[in-house]
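Below is one structure, written out as structure tokens; comments come after it.
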């Protein structure tokens, strides 16, 4: 789960979701699917929207044995969309345009990392307030893990393409 928004809302809401998804697995003996976790998250945001709204946008990724990988985008007004690619924040305008042009369903991990590097380069070159650090994570059948850390422009490979 990746989240953006107000610091307090982001921390409180994501911890609440993580703990309740874990509680579900503890009580029932089976984990929620990625789709079920996304729908639970959307439901909790929708309930809070009518009382005390959380200002958070969420990208939820997961891998299920039956359905394979899936990615969901949930915004602060509780709309849920299953997507192939996602980004949020000011840099998302640049990253999403790069992904629209270069993303393919059959990409290898190396090709996907090369695309992420292109997105990082685009954000760093076009966004005035670009963050100095980027953490790349992978979600697949082996779980979620940190893959690489891009600290400065020299860390990102430059290609001719």
task: Kindly indicate the residue of segment 128-141 that is exposed (fewer than 10 other Cβ atoms within 10 Å of the Cβ) and in contact (Cβ under 8 Å) with a residue 24 or more places away in the chain and also nearest to the chain's Cα centre (by Cα) among those meeting that condition.
output: 141
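Among 44, 15, which is part of a helix (DSSP H, G or I) and more than 27 Å from residue 136 (Cβ to Cβ)?
Numbers: 15 fails: more than 27 Å from residue 136 (Cβ to Cβ).
Going through 44, 15 in turn, the sole match is 44.
Looking at 22, 46, 11, 36, which one is over 26 Å from residue 135 (Cα atoms) and either touching a strand residue (DSSP E or B) at 6+ places or on another chain (Cβ under 6 Å) or without any contact (Cβ under 8 Å) to a residue 24 or more places away in the chain (or both)?
Values: 22 fails: over 26 Å from residue 135 (Cα atoms); 46 fails: either touching a strand residue (DSSP E or B) at 6+ places or on another chain (Cβ under 6 Å) or without any contact (Cβ under 8 Å) to a residue 24 or more places away in the chain (or both); 11 fails: over 26 Å from residue 135 (Cα atoms).
Only one candidate passes the filter, namely 36.
Condition check ((1) more than 16 Å from the chain's Cα centre (by Cα); (2) under 20 Å from residue 145 (Cα atoms)) across all residues:
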| position | (1), (2) |
| --- | --- |
| 4 | no, yes |
| 22 | yes, yes |
| 29 | yes, no |
| 32 | yes, yes |
| 37 | no, yes |
| 59 | no, yes |
| 77 | yes, no |
| 84 | no, yes |
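Here is a list: 63, 54, 93. Which entry is in contact (Cβ under 8 Å) with a residue 12 or more places away in the chain and either farther than 25 Å from residue 12 by Cα or in contact with a strand residue (DSSP E or B) (Cβ under 6 Å, 6 or more places away or on another chain) (or both)?
Working: 54 fails: either farther than 25 Å from residue 12 by Cα or in contact with a strand residue (DSSP E or B) (Cβ under 6 Å, 6 or more places away or on another chain) (or both); 93 fails: in contact (Cβ under 8 Å) with a residue 12 or more places away in the chain.
Testing whether each residue is in contact (Cβ under 8 Å) with a residue 12 or more places away in the chain and either farther than 25 Å from residue 12 by Cα or in contact with a strand residue (DSSP E or B) (Cβ under 6 Å, 6 or more places away or on another chain) (or both) leaves just 63.
Checking the condition surrounded by 14 or more Cβ atoms within 10 Å (Cβ to Cβ), under 19 Å from residue 2 (Cβ atoms) and not assigned by TED's automatic domain parsing to the domain that holds residue 19, which residue from 54, 76, 72, 103 passes? Working first, answer last.
Values: 54 fails: not assigned by TED's automatic domain parsing to the domain that holds residue 19; 76 fails: not assigned by TED's automatic domain parsing to the domain that holds residue 19; 72 fails: not assigned by TED's automatic domain parsing to the domain that holds residue 19.
Result: 103 is the single residue among 54, 76, 72, 103 that is surrounded by 14 or more Cβ atoms within 10 Å (Cβ to Cβ), under 19 Å from residue 2 (Cβ atoms) and not assigned by TED's automatic domain parsing to the domain that holds residue 19.
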message: Testing residue 146 on (1) farther than 24 Å from residue 60 by Cβ; (2) modelled with pLDDT of 85 or more, one condition comes back false. Which one is that?
response: (1)
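The values are calculated or read from the model by the stated rules, or taken from the named source; none is laboratory data. Please read all numbers here as calculations on a predicted model, not as lab measurements. All Cβ positions, even for glycine, are placed from backbone atoms using ideal geometry, and neighbour counts span all protein chains on display.
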